[in-house]
Amino acid sequence: IKVIMWNHEHFFVPYYEDSLNESVLVRESIFNKVSVVLWLTEFSAQLGKIFCDRVGVMKNPVSFKTDEKWVNRRQNATIISVARFDSPRKHLDYLLSVFSSVLKKLPNAKLIIVGQYDLEMKTEVTQGRSLSSLILRLKIPKENIIFTGEVKDVSKYYKQSSVNVMTSEREGFGLIILESASYGIPSVVFGGGGMEDVLIDEVEGY
């Protein structure tokens with residue numbers, strides 16, 4: 001019987017997430033007991049070879065089809081960001097800081113934040129204060145930022161946007177980058193951290 005172990009996260013996530021720390025010890029003992037160890041990116045697979053040479057890469061697919069054309073939205077200063085923003089590692093704090101810098105050059109810019117969020121969450125960046133207080137401190141006007149919460153149909157928000165920003169530092173696989181691209185939207189992301197398999201710098205985004 002062939003046994004597949006599929007790690008559905010970036011290699012380093014269990015080292016950073018307290019709730020996953022125990023899985024580090026468990027998974028290392030399993031690596032050499034299975035037929036193959038699958039990862040989401042080439043980077044994670046290369047690290048996985050430290051423990052087992054039977055590795056492979058199985059990436060996430062985009063689960064929907066779109067007939068959207070590549071539309072020139074340069075005149076549209078609307079940014080979209082899609083994530084579970086109730087998790088600190090998705091870095092809503094970074095996103096808000098980046099957007100405040102954008103507003104200094106483009107005062108009419110809008111930011112659409114799609115997904116769960118918790119504005120009372122405190123992070124290292126906010127230095128023990130809430131995200132709602134960070135918005136006030138950065139002087140981001142309410143009319144420039146839209147929180148949609150979790151939605152079933154994100155397509156209407158993609159269609160309004162001209163660029164996708166992903167501020168998560170570590171992703172198993174940047175699926176949102178592929179979703180955005182299917183709507184003709186380039187992405188701006190952190191280098192490394194799971195996005196390097198998905199986006200070619202200065203070709204498909206930055």
A correct Karplus calculation of ³J(HN,Hα) over region 142-158, with 6.51 cos²θ - 1.76 cosθ + 1.60, θ = phi - 60°, whole Hz and x for Gly and Pro, returns 4, 6, 9, 10, 10, 9, 8, x, 6, 10, 7, 10, 8, 4, 5, 7, 4
Hey, what do the phi angles of region 91-99 turn into as Karplus ³J(HN,Hα) couplings, whole Hz, using 6.51/-1.76/1.60 and θ = phi - 60°, x for Gly and Pro? 6, 4, 5, 5, 4, 5, 5, 4, 5
Using a ≥ b ≥ c from the Cα gyration tensor of region 69-142 (square roots of the eigenvalues), is it rounded, prolate or oblate, where a/c under 1.5 gives rounded and otherwise the larger of a/b and b/c decides, a/b for prolate? oblate
Report the label-to-label distance for R54 and R89 in nanometres (one decimal), using points 7 Å from each Cα along the Cα→Cβ vector. 2.7 nm
Please list, short to long, the whole-number percent of alpha-carbon pairs of region 124-206 in consecutive 5 angstrom bins beginning at zero. 3, 12, 20, 18, 18, 18, 10, 1
Share of accessible surface on carbon and sulfur in the chain, whole %, 1.4 Å probe and ligands ignored, is 55 percent
Report the one residue of S161, A83, V98 whose Cα lies farthest in the direction of the positive end of the charge dipole of the chain (charges on C-beta: Lys and Arg +1, Asp and Glu -1; origin at the Cα centre). S161
Assigned charges on the beta-carbon of Lys, Arg, Asp, Glu; region 93-170 dipole about Cα centre (debye): 340 debye
Could you give the nm distance between label points at F147 and E17, where each point is 7 Å from its Cα heading toward the beta carbon? 2.3 nm
Pseudo-spin-label distance E28 to R137, built 7 Å along Cα→Cβ, given in nm, is 3.7 nm
Förster-model FRET efficiency, 45 Å R0, V203 and R129, C-beta, rounded to 0.05: 0.70
Candidates (i) 1.34; (ii) 1.22; (iii) 1.12; which is the computed Cα Rg over 2.2 N^0.38 Å? (iii)
What number comes out for accessible area per residue over region 7-58 if the probe is 1.4 Å? Units Å², please. 57 Å²
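The values are calculated or read from the model by the stated rules, or taken from the named source; none is laboratory data. Quick caveat: nothing in here was measured; it's all calculated off a predicted structure. Don't worry about glycine lacking a Cβ; one is built from the backbone with ideal geometry, like all the others, and counts go over all protein chains shown. Protein only, heavy atoms only, side chains kept; ligands, DNA and RNA dropped before computing areas. Shrake-Rupley method; radii C 1.70, N 1.55, O 1.52, S 1.80 Å.
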